[in-house]
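Let me begin by presenting the structure, written as structure tokens, before commenting on it.
Every number here is computed from the coordinates shown, using simple stated rules; none is lab data. Since the structure is predicted, the reported quantities are computational estimates derived from the model, not experimental observations. Virtual Cβ from ideal backbone geometry, glycine too; neighbours counted across all protein chains shown.
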Amino acid sequence: MKSIMVVGIGNYILQDEGVGVHVINRLMEMNLPPQVSLVDGGTHSYDLVDFFCQADTVIVVDALKAGGEPGTLYRAPLEELGLKPDDNYTSLHQMHFIEAVQMVNLLGYHPQIIVFGVEPKVIDWGMELTPEVAARVPRLAELIKDEIQNVIASN
């Protein structure tokens, strides 16, 4: 049985930047299959290396500025996003999500990575999501649950 990990990335105290963590909290209330792990990835990308090495499929949830209206939902396999690692970081504290994926690959792990994003409205101090983004959390959780079912069915 292949393992699936859903990782919410974001800073919970920067309003819409924390949407990934809010979605993980919502998914924790749902009945998910036993091979699914839910991870609050927070803002420490170097911690993601260990998590990503443990799963066959990783579903990442994060705020994603792509120019849409606030609350717009996005889904794409990681390789289609065109994200490039920054080879100039000097500390693990500067490492971002894509560098964590690069390190995982260098370690010999190549999980399938699917990214779900939400267009943020406000990234500023505050614990609450904006209404536009908060309204999309239930739908995003359902889409991720459907994605999990599709991954399971394809194995």
If one puts a single equal scatterer on every Cα of region 21-84 and applies the Debye formula without solvent, what log₁₀ I(q)/I(0) results at q = 0.12, 0.20 Å⁻¹? -0.38, -1.07
Once you list every other residue whose beta carbon is under 11 Å from the beta carbon of V39, what net charge do they have if Lys and Arg are +1 and Asp and Glu are -1? -3
Two-site label geometry, K2 and N25: point separation in nm, points 7 Å out along Cα→Cβ: 3.1 nm
If we count every other residue with Cβ under 12 angstrom of G71's Cβ, Lys/Arg +1 and Asp/Glu -1, where does the sum land? -1
Most to least packed among 45-58, 120-133 [average Cβ atoms within 10 Å]: 45-58, 120-133
Calculated FRET efficiency, S154 and R75, Cβ-Cβ r, R0 22 Å, to nearest 0.05? 0.90
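Quick check of the Kirkwood formula: for the chain, what is the inverse mean of 1/r over all pairs of different Cα atoms, in Å? Let's see the in-between values first.
Values: mean 1/r = 0.0639 Å⁻¹.
Averaging 1/r across every pair of different Cα atoms and inverting gives 15.6 Å.
Let's see if you can work this out: charge +1 on each Lys and Arg Cβ, -1 on each Asp and Glu Cβ, no other charges. What is the dipole magnitude of region 4-154 about its Cα centre, in debye to the nearest 20? Don't skip to the answer; put the middle values down first.
On the way: 8 positive and 21 negative charges, 48 e Å.
I would put it at about 220 debye.
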Given backbone amide H placed at 1.01 Å from N, residues whose amide H is under 5 Å from that of I113, ignoring those fewer than 5 places away on the same chain, are V58, L78
